[in-house]
Structure formats: structure tokens, C-alpha cells
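Student: Structure incoming, see below.
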Amino acid sequence: MDFNHLVPVIRQLALEAGAKIMEVYADPDFEVKTKGDASPVTEADEAADAIISAGLRAAFPEVVLITEEQAASHALTAETFLIVDPLDGTKEFVQRRGDFTVNIAYVEKGVPLRGVVYAPAKERLFYTLPDGTAVEESLVDGSVRPIRVATPDNAALMVVASKSHRDQATNDYIEKYQVKDSRSAGSSLKFCLVATGEADLYPRLGRTMEWDTAAGDAVLRGAGGQVVRMDDHSPLAYGKPGWDNPFFIALAPGVVLK
């Protein structure tokens, strides 16, 4: 893969999809449907998926494309692929909480090497550069700043957890640590908050799919962080059968895992 070609393409597609999402978001009466797994889907999910899928297939016709909104792609298997969640955090979108993102990632041999996470309502854009390092771009002036995980203080950790899926098991896990403060956030923004040093630890004890995590994982890796399985603390791998993730922990190196 030519990353000098890939990165501008996925960045631009995320911005275009985000613009379409915000058009729908501004409509007070957008339609919400229910998918087979009982999760919500809106016209924004579908329109964003159409934009991203068309752009990726045109630019990289030889690369397998996995996307949440195209069930046929879920039956595919691949070691190298592009993976998309066109609107991660649909519950946040429906409830107009703003914590939703556009996620696009490129995975090779189980590792998410490059990715973009765009939170259009928050006007925050995170992505990996061609060299793999992570940045946040200002949509106000176009400036780009490198982002880096914090050096954690295990006696006073900053923790971020899911806004829509936080449960007692998550709270019990967080209580194992000495926590200075915790905050809730939706979608893949949680990975990015660890990547920028705004949080040290993000545990997820709940079902996620690879399209939920790959882009945020890539950004976090590019900022010096890591995502590991909760059961054995091995790196979270991609291209798994069915595209399901195990429980995982995103963290800044230096956090002593419990």
C-alpha cells in the first residue's frame, strides 16, 4: 500500500462523509430504523457509507473492503483490508449528543496501520500520517499538530469509558485502579482521548466489532499507545472470524494493568 496515496484519500472521504452526516443531523425529523441486531441505523449511516465505499473502491479496487453497513462484506475473510464504520456512535447521533465519529482504517496482517477518526459535531479530526505517526488537524485554520500519549501516573490515572455502554462490570474494573478522574465519551473518540493524553486508560467490557475500533486503534498506535485484549494483554488483532472483538483495554504505556 502506498501510504502517501492512502492517507489523503481516507482523510478527504471522512470529511465528505462527516459533512453529509451533519446535514442529516441538522434535520429535526430524520428517520431512525432498527437493524437485525436491534441497533439503530439512520439515513446518515447509509449516506456516509455510500460516499466512503465509492471513494475507497475507486481508489483501491484491489483491496478488500469491510463496512458495517454492508452485511455482505461481513462474510468476507482477509488478511489485508480496509474497514469502515461510516457513523460510529449512532445512539449518540440519535440522541444528539455529538459524540459520533467517522472511522476508516487500513489493516495489514492483523495490524491497523493507518486510520482516520473524524468527529464532525465536535470538529475534531485525528489521523495517521504516511509515516504512521498520529496528528490532530484543526478544522479552523488547517494546522496539524502531532499527538502523543501521556506519561501516566499510576497513583492518579485519567480514565475514559463508554457513554452508552457503561455498566457495573466496567465500573468494577475501573475501581481496581487509583483514578484521579474519569469521563464518559461515545464512539471511537475514547481512543483519541488516550492518544492525545487527555486520558490514560480506556477499558471496554462489552461487545464491539472491528470496524468500531480499527481506526481509533491505528490513531492510538501512531501516538505511542496500545490496545490489548483484556484476557491475556496481548495486542488486539484484526481480521478475526466474524469481525468480533474480545473485551479490550486501550492505554498509554506505563499504565500497570490489573
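Student: What percent does the relative contact order of segment 3-146 come to when contacts are Cα pairs within less than 8 Å and at least six residues apart?
Tutor: Working: 265 pairs, mean separation 29.4, N = 144.
Contact order relative to length: 20 percent.
Student: Next question. In straight Cα distance, which lysines are under 16 Å from K20, not counting same-chain residues fewer than 8 positions off?
Tutor: By straight Cα distance, K20 reaches K122.
Student: For a label point 7 Å from the Cα of K109 along Cα→C-beta, name the residues of segment 199-218 whose backbone N is under 19 Å from it.
Tutor: In segment 199-218, the label zone of K109 (backbone N under 19 Å from the point 7 Å along Cα→Cβ) covers 218.
Student: Right, another one. Taking 0.36 nm per residue of separation and subtracting the Cα-Cα distance, what length does fully extending F3 through A237 add?
Tutor: On the way: separation 234, 0.36 × 234 = 84.24 nm, distance 2.06 nm.
Result: 82.2 nm gained on full extension.
Student: Find how many whole Å separate the alpha carbon centroid of segment 4-70 from the alpha carbon centroid of segment 103-155.
Tutor: 19 Å
Student: Cα extents of segment 94-180 along the three principal axes, largest first, in whole Å?
Tutor: Rounded to whole Å, the extents work out to 39, 33, 31 Å.
Student: So, in nm, how far is label K35 from label A71 when the simple model puts each one 7 Å beyond its Cα toward the Cβ?
Tutor: Placing both labels 7 Å along Cα→Cβ, they lie 1.0 nm apart.
Student: Please list, in chain and number order, the residues 5+ apart from L236 or on another chain whose amide H is under 5 Å from its amide H, with Hs placed from the backbone.
Tutor: Close amide H contacts, sequence-distant or interchain: V227, V228, R229.
Student: Once the Cβ-Cβ distance between V256 and A78 is put in as r, and R0 is 35 Å, what FRET efficiency do you end up with, to the nearest 0.05?
Tutor: So the FRET efficiency works out to roughly 0.50.
Student: Which trypsin sites (Lys or Arg not before Pro) from segment 203-255 combine a DSSP loop assignment with at most 16 other Cβ atoms within 10 Å? Can you show the working numbers first?
Tutor: On the way: sites: R204, R207, R221, R229; in loops: R207.
Listed in order of number, the matching sites are R207.
Student: Moving to a separate point now. Would you compute, for the Cα atoms of the chain, the largest minus smallest coordinate along each principal axis and list the three values in descending order, in whole Å?
Tutor: Principal axes ranked by extent give 48, 42, 41 Å for the Cα atoms.
Student: Here's another thing I want to ask about it. Please pull out the direction-averaged projected area of segment 168-258, using the convex hull of its alpha-carbon atoms, in nm² to one decimal place.
Tutor: Details: hull surface 22.7 nm².
Dividing the Cα hull surface by four gives the mean projection, 5.7 nm².
Student: What percent does the relative contact order of segment 83-190 come to when contacts are Cα pairs within less than 8 Å and at least six residues apart? Present the calculation step by step, with values, prior to reporting the outcome.
Tutor: Details: 186 pairs, mean separation 23.8, N = 108.
Dividing the mean separation by the residue count of segment 83-190 yields 22 percent.
Student: Considering Cα pairs under 8 angstrom that are at least six residues apart, work out the relative contact order of segment 159-258 and quote it in whole percent. Don't skip to the answer; put the middle values down first.
Tutor: On the way: 160 pairs, mean separation 29.8, N = 100.
Answer for segment 159-258 is 30 percent.
Student: Could you derive backbone 3J(HN,Hα) for segment 11-28 from the dihedral phi with the Karplus parameters 6.51, -1.76 and 1.60 (θ = phi - 60°), listing whole Hz in sequence and x where the residue is Gly or Pro?
Tutor: 4, 5, 5, 5, 5, 5, 5, x, 5, 5, 4, 5, 4, 5, 4, 6, 7, x
Student: Among DSSP beta bridges whose residues both lie in segment 3-146, state the antiparallel percentage, nearest 5.
Tutor: Numbers: 28 of 32 bridges.
Bridges in segment 3-146 that DSSP calls antiparallel: roughly 90 percent.
Student: Hey, what number do you get for the chain at 222 nm if only DSSP H runs of n ≥ 4 count, each worth -39500 (n - 2.57), divided across all residues, to the nearest 500?
Tutor: Details: 6 runs with 72 residues, N = 258.
Using -39500 (n - 2.57) per qualifying helix, the result is -8500 deg cm²/dmol.
Student: Using a 7 Å offset from the Cα along the Cα-to-Cβ direction at both E46 and D244, what is the distance between the two label points in nm, to one decimal?
Tutor: Output for this residue pair reads 2.8 nm.
Student: Run down the aspartates and glutamates and flag those whose C-alpha is under 13 Å from the C-alpha of K240, throwing out any fewer than 8 positions away in its chain.
Tutor: E79, E108, E210
We did not get these values from a lab; they are worked out from the coordinates using the rules stated. Remember, predicted model here, so these are calculated numbers, not experimental data. Using ideal geometry, Cβ is built from the backbone for each residue, glycine included, and neighbour counts are taken over all protein chains shown.
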